[in-house]
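For reference, the structure discussed in these notes is given below.
The values are calculated or read from the model by the stated rules, or taken from the named source; none is laboratory data. This is a predicted model, so every value here is computed, not measured. Heads up, the Cβs are rebuilt from the backbone with ideal geometry, glycines too, and the neighbour counts pull from every protein chain shown. These accessible areas exclude ligands, DNA and RNA; they are computed on the full protein's heavy atoms, side chains included. Shrake-Rupley method; radii C 1.70, N 1.55, O 1.52, S 1.80 Å.
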Amino acid sequence: RRAAVAARAARAGSLDELRAAVADCTACGLCASRTQTVFMDGTGSRGVVFVGEAPGEQEDRTGVPFVGPAGQLLTDIVTKGMGLHREEVAIANVLKCRPPGNRDPRPEEKAICTPWLERQLELLGARVLIPLGKHASGHLLGTPDASMGSMRGRSHQRPDGTQVIPTYHPA
């Protein structure tokens, strides 16, 4: 299933094509319980992408990531802390579908969904990734068992040269 997702993701030549492919995805069981997929918010025009773990209930309902109280704090971080407009950054999740009851994503769900995120980051031309929380940080750095304290507070570099700056989840 992961190989099929990877092949489909690779064929997407634009974010709109990728969004449509994600919306049609049935590669894991999360498709049965979602209201809709949650692709991303913002344009990423500044090369900055915030990455959460998975959509929550409000995100599943609206189709937009980080719309609840944690989203308001994230908006404040972007606008007041970074001096950017929320629209200038991109906000996405490792998973594009909400796990039932907001449970933690299973390793196989993350593995299946990762090609969508990786193609999304490629199409965005992401230069800086800011994973939000332990799960997203460990996933993007390939260190799922690392503590948040060991990842946060410094810049990491992925093999493609993208900077990764883990921080706490705004929740």
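To the nearest 20 Debye, how big is the dipole of segment 15-103 about its Cα centre, given +1 on the beta carbon of each Lys and Arg and -1 on that of each Asp and Glu?
180
So what is the calculated 222 nm ellipticity per residue for the chain, using -39500 (n - 2.57) for each DSSP H run with n of 4 or more, over all residues, to the nearest 500 deg cm²/dmol? Intermediate results must be reported in sequence, preceding the final value.
Numbers: 7 runs with 63 residues, N = 171.
Helix-only estimate at 222 nm: -10500 deg cm²/dmol.
With the Cα gyration tensor of segment 71-171 giving a ≥ b ≥ c as the square roots of its eigenvalues, does the rule (a/c under 1.5 for rounded; else a/b larger than b/c for prolate; else oblate) give rounded, prolate or oblate?
Rounded, because the longest to shortest axis ratio a/c is under 1.5.
Give me a comma-separated list of calculated 3J(HN,Hα) values for segment 12-21, in order, Karplus coefficients 6.51, -1.76, 1.60 applied at θ = phi - 60°, integers in Hz, x for any Gly or Pro.
In residue order, the calculated couplings are 5, x, 8, 5, 5, 5, 5, 4, 5, 5 Hz.
Calculate, in whole percent, how much of the Cα-Cα pair population of the chain lies beyond 23 Å.
33
What whole-number value in Å² describes the accessible area per residue of segment 24-103 for a 1.4 Å probe? Before the final figure, lay out each step's value.
Details: 3410 Å² over 80 residues.
Result: 43 Å² of accessible area for each residue.
Which order do the peptides 154-167, 102-115 take when ranked by the mean count of other beta-carbon atoms within 10 Å per residue, highest first?
Highest-to-lowest ranking by the protection proxy: 102-115, 154-167.
Could you tell me what percent of the accessible area of segment 23-171 is made up of carbon and sulfur, with a 1.4 Å probe and every protein chain present?
50
Quick one: compute a quarter of the convex hull surface over the Cα atoms of segment 19-108 and quote it in nm².
Averaged projected hull area, Cα only: 5.9 nm².
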